[in-house]
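See structure below.
Read-outs throughout are calculated quantities, based only on the coordinates presented, and are distinct from any laboratory measurement. Model, not experiment: these values are computed from the prediction. Positions of Cβ are generated from backbone atoms using ideal geometry, with glycine treated the same way; all protein chains shown enter the neighbour counts.
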């Protein structure tokens with residue numbers, strides 16, 4: 001097998017010791033560096049002057065599988081004799097480091113190309129005692145070079161330049177100490193520091209290599225001795241530790257978080273000869289984690305506040321929730337929220353926490369004119385104000401601030417639809433710097449509070465309008481009652497007049513009987529009969545008056561469990577005579593065992609009476625009206641139906657029949673309030689009212705009342 005040699009000038013400085021000399025070069029010396037040699041990403045073997053391999057790393061053994069004692073040419077070339085122009089022999093001879101490109105055969109019989117460095121190691125007498133071979137597999141790179149040679153133009157030039165740079169970079173071989181980005185600390189078996197790499201200088205904040213003398217042992221680099229002893233125990237137990245977090249201590253006792261990996265070193269007999277510890281600085285990672293933790297806390301606070309704003313209309317609850325979330329998230333110890341009054345001239349304190357009663361009780365803290373102090377200025381300008389030292393700030397209220405010992409504060413406008421509605425003030429009793437991230441968080445909260453204030457104001461306005469509507473509706477019901485009473489006045493007068501006339505007639509008969517000196521027995525029986533009739537007629541009058549008074553009584557909604565049939569009977573008692581006069585046939589069909597309904601007896605009676613009166617007016621002489629009550633199909637409502645066979649309703653008018661003052665009656669026959677009152681009463685009870693009608697065939701009104709109170 002041929003070989004290709006390419007002489008390379010040796011490096012001026014030997015990487016293994018000063019002036020190329022080492023104190024010892026037997027196998028036990030190399031055992032100290034076993035972990036480092038095994039961790040290399042290049043192939044490494046160490047030869048004696050007979051070209052026998054005395055040390056090799058894991059990467060080499062896995063691919064070529066020779067044990068110490070094999071010759072170099074057996075391992076690399078599968079040869080029985082020394083290669084021609086052997087670079088190792090030349091290095092032993094002239095003591096010069098050289099680099100060659102050559103081929104090697106691995107244990108699988110695969111031929112590969114390698115770039116090999118031959119580094120001389122001298123003993124104390126200056127003789128070359130060992131040669132270190134460091135090899136890099138360049139098979140793929142050489143294949144790439146051959147492919148690139150077929151390319152043309154600029155691509156070939158750029159790629160060739162890149163390959164040259166790569167070759168130059170690889171030619172500058174460095175030990176694991178020099179390459180590692182992590183700190184590496186080598187110690188003896190007693191944890192006395194033997195060496196540290198350049199990265200360790202940066203990690204531990206040392207100024208130079210001599211700084212390693214500041215710390216004599218590994219324990220001095222740990223902030224907590226207990227952590228050090230725990231790591232040592234685990235390393236001695238398992239032979240290694242992997243990715244263990246600890247707090248380390250560098251120059252000037254500056255502490256930082258680190259990730260530690262370590263291995264113990266041992267000789268052939270298993271005796272511990274030292275330790276190698278890899279240290280990765282986690283300071284930046286911890287900063288990022290802290291930042292993300294704070295950002296997540298702010299996001300959770302914003303979500304909580306958003307849910308509170310969306311799920312509640314109680315402004316006090318919302319504001320208290322906000323100040324608690326702000327206090328917990330920013331670690332601030334005092335928060336105030338001010339809202340503008342309706343005239344937008346003054347700010348009044350709406351919620352607060354973390355401040356003394358003496359401070360809060362001050363008039364200018366409870367209420368502040370817009371434009372006064374930092375608080376008023378933020379409201380006037382609509383811009384956030386940050387104050388790092390309140391004691392030096394230009395404010396007329398320094399005395400109160402000084403006594404409360406407030407030091408830093410930020411004033412955030414609360415906005416809604418582009419207008420300022422209040423101010424959020426976050427302050428501390430200790431020095432504090434509010435960052436731009438804090439301002440973004442507080443500005444987002446300011447928008448949320450502004451929305452909450454706007455929602456609360458809209459709710460208050462809606463509630464006022466609803467109350468006004470309720471009052472108007474009650475007035476409408478009362479006016480309709482008066483109209484109904486006017487309609488019934490003549491009927492009731494006639495109804496009462498008949499029994500009173502009978503009573504008067506029987507009184508006259510009895511007076512005539514008792515004028516005689518002797519009253520026959522049969523006349524006494526007549527008197528008793530007359531008295532019975534008079535009693536029943538008088539009771540009849542009293543019931544009519546009682547029903548009339550109950551119907552006309554003004555009262556608010558008073559829900560109780562009531563029997564629907566009793567309500568219907570009361571309504572029929574009032575309107576029944578009017579139906580008789582019009583010769584209208586009335587049918588009542590009530591399902592048995594109807595459940596009681598939670599309702600206001602008088603108002604539901606009013607609704608039924610209005611529907612019966614409406615049906616009577618729409619029905620001609622000798623017509624028919626039917627009133628029904630049954631349990632709806634859902635089982636959750638009682639259905640009351642009032643049917644008539646009157647003139648019916650035009651389909652175009654049906655959508656408007658429940659509107660106030662809408663009527664199809666002739667002038668003077670009605671003002672269009674009856675059905676509007678029915679609709680309002682049923683709606684207040686959580687029910688619904690519907691209508692079906694066909695012109696010329698009649699109309700059906702349906703009232704649905706819930707069996708269970710809503």
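Structure values in brief
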quantity: Length added when fully stretched, residue 440-residue 366, from 0.36 nm per residue minus Cα-Cα; calculated: 23.9 nm
quantity: Nearest-0.05 FRET efficiency for residue 569 and residue 507, computed from C-beta distance (R0 35 Å); calculated: 0.65
quantity: Extension gain from residue 471 to residue 560, taking 0.36 nm per residue of separation minus the Cα-Cα distance; calculated: 29.9 nm
quantity: Projected label distance in nm at residue 633 and residue 656, using a 7 Å step from Cα toward the beta-carbon; calculated: 3.2
quantity: FRET E, pair residue 255, residue 353, Förster distance 35 Å, beta-carbon r, rounded to 0.05; calculated: 0.55
quantity: Cβ crowding within 10 Å averaged over residues, with 388-397, 218-227, 674-683 ranked highest first; calculated: 674-683, 218-227, 388-397
quantity: Projected label distance in nm at residue 96 and residue 500, using a 7 Å step from Cα toward the beta-carbon; calculated: 14.8
quantity: R0 of 25 Å, Cβ-Cβ distance residue 190-residue 54: FRET efficiency to nearest 0.05; calculated: 0.35
quantity: In nm, spacing of pseudo-spin labels at residue 85 and residue 585 (7 Å Cα→C-beta vector); calculated: 13.3
quantity: Three-way shape label, segment 555-710, alpha-carbon gyration tensor, a/c 1.5; calculated: prolate
quantity: Theoretical gain in end-to-end length, residue 225 to residue 381 [0.36 nm per residue, Cα-Cα removed]; calculated: 50.5 nm
